[in-house]
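Undergrad: This is the structure I have questions about; it appears just below.
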Amino acid sequence: MKNQLIKAWKEQNIITNKKVLEAFKQVNREDFVRPSQRSGAYIDHPLPIGYGQTISQPTTVMIMTQALDPKKGDNILEIGTGSGYQAALIAKIIDPGKITTTEILPELATIAKNNLKKVGIINAEVIVTDGSCGYKQNSLYDKIIITAASPKIPKPLTDQLKEGGTIIAPVGDRGTQRMIKAIKIKGKLKEQDLGLFVFVPLKGKHGY
Ligand code: SAH
């Protein structure tokens, strides 16, 4: 199943970044889904992770990872830890760089911490906080990824991003969003639209 996904992505030119594909091979999605969902871990579908939240479908996770273009040594911020799967993929690619991943629900943060520990990832720090305000302590960031639907890109995140840095975020209303790739140029975000997606909503100060 895992290899079929990789084959389809390559054939359709959806995922071409070798480091991103390598990370997908190394990190097992079944380690991040609920035990009862393990057998369906490589169906290209989002899955419930509890508390009304979901782990995104593999293709979406990969499109976002590729758009973020993580590099060895990067300092990265994620908003929406969920299961920790997206953070694990990024952590693999940037090692020995570091990803700070923020989760507003303490219960999910605990699950994610355990999942990351189980697979031996040590360069991902899970922080329980309202990530819509970013996490200033570990800034500035080379790249920022929001894995929840956002009404707009929160201003504190732009402030905590390095000049020339990238933000990937699904932006729109609660129903559907456009995946935005934004680059910070002279303090302002220059945006590119990567298509239509559907995410669970961002909560907190700069959420809905
Ligand atoms: N990246 C995750 C999936 C994210 S689902 C994975 O790989 O599994 C979106 C997550 O964002 C949910 O866990 C939700 O609780 C969290 N979230 C929503 N609003 C948030 C906020 N303001 N700060 C941090 N996390 C938030």
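The values are calculated or read from the model by the stated rules, or taken from the named source; none is laboratory data. Note that the structure is a prediction, hence the values are computed from the model and not measured. All Cβ positions, even for glycine, are placed from backbone atoms using ideal geometry, and neighbour counts span all protein chains on display.
Undergrad: Wholly within segment 35-128, which strands (runs of 3 or more DSSP E) include no fewer than the required count, namely at least 1 residues that are touching a residue at least 12 places away in the same chain (Cβ under 8 Å) and more than 12 Å from the ligand (Cβ to nearest atom)?
TA: Hits in segment 35-128: 75-79, 98-103, 124-128.
Undergrad: Inspect segment 2-18 for any residue being crowded, with 19+ Cβ neighbours inside 10 Å, of a type in the set (Ser, Thr, Tyr) and at pLDDT 95 or above and give the result as yes or no.
TA: No.
Undergrad: Scan segment 93-128 residue by residue and report those that are among the polar types (S, T, N, Q) and crowded, with 22+ Cβ neighbours inside 10 Å.
TA: Within segment 93-128, Thr100, Thr101, Thr102, Asn115 meet the criteria.
Undergrad: Considering only segment 147-190, state which residues are hydrophobic (A, V, I, L, M, F, W, C) and out of contact with any Gly (no Cβ under 8 Å at 6 or more places or on another chain).
TA: Ile153, Leu161, Ile167, Ile168, Ala169, Val171, Ile180, Ala182, Leu189
Undergrad: Also, I was wondering about something else. Quick one: count up the residues across segment 138-160 that are assigned to a strand (DSSP E or B) and under 19 Å from Asn123 (Cα atoms).
TA: Within segment 138-160, residues that are assigned to a strand (DSSP E or B) and under 19 Å from Asn123 (Cα atoms) number 6.
Undergrad: Look through Gly134, Gly207 and report the one residue that is buried (at least 16 other Cβ atoms within 10 Å of the Cβ), in contact with a helix residue (DSSP H, G or I) (Cβ under 9 Å, 6 or more places away or on another chain), at positive phi and at pLDDT 95 or above.
TA: After ruling out the rest, the residue left standing is Gly134.
Undergrad: Would it be correct to say that Ile145 is under 13 Å from Glu191 (Cβ atoms), touching a residue at least 12 places away in the same chain (Cβ under 8 Å) and among the β-branched types (Val, Ile, Thr)?
TA: So Ile145 does not fit the description; no.
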